[in-house]
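Q: Below you will find the structure I want to go over with you.
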Amino acid sequence: MILNHLRLVHRNADKYVISKLNVWKNTRMQSSGQMSNAQAISKEQAVAENECDIYSPPRVVPMVLHDREVIVLPFDEVPGPKSLKYLSTLRNYLTEIGTQVTASFLTFGLNIGSLLNKRESIRKMSTLFDEYGPVVRYVNPLGTDIVLINHPDHIQKVFSLEGEHPVRSTLESIEKFRTQYKNSAYGGIYTVKGQEWTRQRSAILTPAHNLIAQHAQGLYDISDKFATKVYNIRNYQDEIAKDLYKELHKWAFDSIGLIMFSKDFAMMDTELVYSQCDSSWMYHSLENATEAIIKCETGMHFWKFFTTPAWYILVKYCESLDSLIGKKILETEQDLTNKAKNADMPPTIDSLASAMLLNEDKFKMEDIATVLMDMMIIGVNTITSAMAFLLYNLAKHQKCQRILYDEIKGLYPNMTVTDVDNLREYTPYLQSCIKETLRLTPPIPMLTRVLPKNITLDKYNIPRGTVIIMSTQHASLKESNYDDATKFYPERWTKPDAENYHAFASIPFGHGARKCLGQNIAETMMTLMAIRVLQKYKLEYHYRDVNPTRSFIAKPNRPLKIRFIDRI
């Protein structure tokens, strides 16, 4: 019985397995029935070609490639600090004054948060680029947003749109001083826009170039005064005991004064600084006005709402500087009038002041004072910064200094400057040193423009009216633009492949219609100064590295203790 029972169980199990197998076969057949005719035919052909193959290889269908559509992302997609993006919605619910006050506190709060979390201020733009990429949107709760860029291609594209009358953001403190305090609608060379900029530019550009040759000897003599003063005031370590930067500032002031008024202000004379003469007061006013402008432009703008100490100093010394410059212009006009009365001495252009007075556009006296005041504030301070870092770089890199000394040691043996127009051809290595210094530490590290039309940057649509801040210093310090980008290496500009560098990777004087009018003046002044100092001294530096400040005009962040060692 047991045997019969086992046979019965085996028979039932076989029936169960067979029934399940039939169900599985039917399912496969139904799935196969859904196969397309083309696939079935293809499979039969494959089997016929190779009967030994159990599985046929899949058929390869060629892919049809289409041109990818260019995707332009909206402005809201531009990356940037999200906290300000969220808080920017408050603009719709606040009054104008309330928005401005709130903006100051929001920006301050964002900086504090960044400082606590990342140990560095958000104002250090490199952190923004490192986190968000080459295009960064900085939402301004005041109204107009700001876009930061540092890629040479993007910078070039912005400049290509500026047209004949580009617009850049102004120095708001100076603009308020002139429009509200002095009730003048006339802007200076730095803040004026449109057709008025073209008028001022045409009145200054050609005379500024011609005056260099006319005053080359005077500029070299001022440089010699500086070298002599260094000899007299250096200490036992051959260093300037007080402040080398301030002595360079006086040198730049005297040199710019010679170009502007054809006068020797003689600020290199130590005793004159403490006198009551106009030149001394002009220098004192320039020094204090500059510090006040930097504080107003780089700090929180409370001066827009009430009189802060910085605003009070700015008004006081800008008013003094404006008056003293106006007095010099009156003296220049009187000299021209006296020469006009004398037939043997016709009026000649020997300064920027006389060039504007004799210009056919007939500039008003106060307009000329405004233009020259802007040129003095910007020119003296930027040239001082550039020269300070040039001497620092040469003192720190002895090999470069030796090459440079071999190039310039035989120039002007009788202290007589001749053929200044070919000065750059005589000093190619010095020009490379100047260019490399300006690449590493441009005096104005950021350039601004207001977009006249929509533009696409890195696939983001940036609308017209947006303020673009071009961080040219960060562009010039990126390894993707220069090998050993942070290294002082003048030879990079003399190599055959120097022409391969992107033209907009380093533009310390700007570009286009609003390019710096004083580039030729600055480069000539720096060239003559470097020649005279290097001919007389060997430079050394033995302290911590010096870096530029992150203010409107870059300055050394610590005293320049450069040693001036007599050459034998």
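Q: Stretch residue 545-residue 269 to full length: gain in nm at 0.36 nm per residue minus the Cα-Cα span?
A: Details: separation 276, 0.36 × 276 = 99.36 nm, distance 3.05 nm.
In short, 96.3 nm is gained.
Q: Sticking with the crude label model, points 7 Å out along Cα→Cβ, report the distance from residue 160 to residue 231 in nm, one decimal please.
A: Placing both labels 7 Å along Cα→Cβ, they lie 5.5 nm apart.
Q: Would you mind putting 242-251, 383-392 in packing order, based on average other-beta-carbon counts within 10 Å, highest first? If you can, show how the numbers build up before the last one.
A: On the way: 242-251: 18.9, 383-392: 24.1.
Ranked from most to least packed, the peptides come out as 383-392, 242-251.
Q: Could you state, as a whole-number percent, how many of the C-alpha pairs of segment 341-441 are farther apart than 19 Å?
A: Counting every Cα pair in segment 341-441, those more than 19 Å apart make up 64 percent.
Q: Let me ask something else about it. Highest mean first, how do 325-331, 284-290, 255-261 rank when packing is the count of other Cβ atoms within 10 Å averaged over residues? Walk me through the numbers on the way to the answer.
A: On the way: 325-331: 18.0, 284-290: 20.7, 255-261: 24.3.
Taking the mean over residues of other Cβ atoms within 10 Å, the ranking is 255-261, 284-290, 325-331.
Q: Work out how much length residue 567 to residue 403 would gain on full extension: take 0.36 nm times their residue separation and subtract the Cα-Cα distance, in nm to one decimal.
A: Numbers: separation 164, 0.36 × 164 = 59.04 nm, distance 1.51 nm.
Contour length minus Cα-Cα distance gives 57.5 nm.
Q: Can you tell me which of 317-323, 441-447, 498-504 comes out highest on packing, and rank the rest after it, using the mean Cβ neighbours within 10 Å? Spell out each step's value before the answer.
A: Working: 317-323: 19.7, 441-447: 22.3, 498-504: 13.3.
Put in order of decreasing packing, that is 441-447, 317-323, 498-504.
Bear in mind that the values in this text are calculations on the coordinates, not laboratory data. If you're wondering where the values come from, they're calculated on a predicted model, not measured in any experiment. Here Cβ is always computed from backbone atoms with ideal geometry, including for glycine, and neighbour counts include all displayed protein chains.
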